[in-house]
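Since the structure comes first, as structure tokens, the remarks are kept for the end.
Just so it is clear, none of the values below were taken in a lab; they were calculated from the coordinates. These numbers were taken from a predicted model, which means no experiment stands behind them. Methodologically, a virtual Cβ is constructed for each residue, glycine included, from the backbone with ideal geometry; neighbour enumeration extends over all protein chains shown.
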Amino acid sequence: RHQRKTGSNCLVIKLNKGGINTVELTEILLDGLLRKFERLAISEYGNVEGVKAIKGIYSSAVNVNGSGEFLTDSGKELIDELISELVEFVKKQKVEAPKTEGHEMGGSDGTYSDTNS
């Protein structure tokens, strides 16, 4: 979706103290963001209710037609929210060398570590 809008898989983020940082929206990074979302849902609602909530959100986020799978409006909102959280996380970090791969954002599984969550 982002690539269709901008022609790129990269986000260019203006940092609060000047400068920019580039983050590539890789499959690994997006998978990590979704896993973080799942962990938060389970920690908030418990294992059984959290998994039910996740399944409901995911089933309403994706639809299938003759052309394949696509994001519904709620799916687009979910991804937009996850990317917004990623942008806020990047803005809070100290300015260092540009981080362009999902695995450089924090955890070895492609997730980012947000100590405020």
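Some notes on this structure:
- Working ranking of peptides 23-36, 68-81 by packing, defined as the average number of other Cβ atoms within 10 Å per residue, highest first, is 23-36, 68-81.
- Around the amide H of residue 72, modelled in the peptide plane, lie the amide H atoms of 62, 63, all under 5 Å away and 5 or more residues distant in sequence or on another chain.
- Extension gain, residue 8 back to residue 51 (0.36 nm per residue minus Cα-Cα distance, nm): 12.2 nm
- Spin-label model, residue 16 to residue 80: label points 7 Å out along the Cα-to-beta-carbon direction sit 2.4 nm apart.
- For residue 24, distant residues with modelled amide H under 5 Å away: 11, 101
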